[in-house]
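*Asks:* Let me begin by handing over the structure; questions about it come next.
The values are calculated or read from the model by the stated rules, or taken from the named source; none is laboratory data. Fair warning: this is a prediction, and the values are worked out from it, not measured in the lab. Here the Cβ positions follow ideal geometry from the backbone for every residue, glycine too, while neighbour counts run over all protein chains shown.
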Amino acid sequence: RAAGSLPLSIIIVGVGNADFSAMEALDGDAAEEGGAGVLRNAAGQQSPRDIVQFVPFNQFANNPSALAAEVLRELPPQL
């Protein structure tokens, strides 16, 4: 079975000043914000749900509580 149909969530925290555009492209939230859109597999099939979430550490580096809140906000509501 494809990972998108399993009870799996991947949260990536980007640390440092690197270019994280590839990680942001994996995050399906980008589609909701006018970004790249929904992930598709090699056969062009749309992922059944958004399993990858990306949080940029630098945006929250001086506020650990806000970082924790953002990471938890990225968890699916079923949890």
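*Asks:* Which one is modelled with the lowest pLDDT among residues in the range 25-36 that are part of a loop (DSSP other than H, G, I, E, B) and within 18 Å of Ile10 (Cβ to Cβ)? Outline the logic, then answer.
*Replies:* So the first thing to find is which residues in the range 25-36 are part of a loop (DSSP other than H, G, I, E, B), and the list is 27-28, 33-36.
Still in the list and also within 18 Å of Ile10 (Cβ to Cβ): 27-28, 35-36.
Numbers: Asp27: 79, Gly28: 66, Gly35: 46, Ala36: 52.
Per the criteria, the residue is Gly35.
*Asks:* While we're looking at this one, here's another question. For the range 4-16, which positions are part of a helix (DSSP H, G or I) and loosely packed, with under 15 Cβ neighbours inside 10 Å? Steps first, answer last, please.
*Replies:* Of the residues in the range 4-16, the ones part of a helix (DSSP H, G or I) are 4-5.
Across the range 4-16, the qualifying residue is only Ser5.
*Asks:* Filtering the range 50-75 down to residues that are in a loop (DSSP other than H, G, I, E, B) and exposed (fewer than 12 other Cβ atoms within 10 Å of the Cβ), which residue is modelled with the highest pLDDT? Reasoning before the result, please.
*Replies:* Taking the range 50-75 as the starting set, the residues that turn out to be in a loop (DSSP other than H, G, I, E, B) are 50-51, 61-63, 74-75.
Restricting the remaining residues to those that are exposed (fewer than 12 other Cβ atoms within 10 Å of the Cβ) gives 61-63, 75.
Values: Ala61: 88, Asn62: 92, Asn63: 95, Leu75: 76.
Step by step, filter the range 50-75, then rank; the result is Asn63.
*Asks:* Scan the range 42-49 and give yes if some residue there is modelled with pLDDT of 80 or more and farther than 15 Å from Ala2 by Cβ, otherwise no.
*Replies:* The answer is no; no qualifying residue exists.
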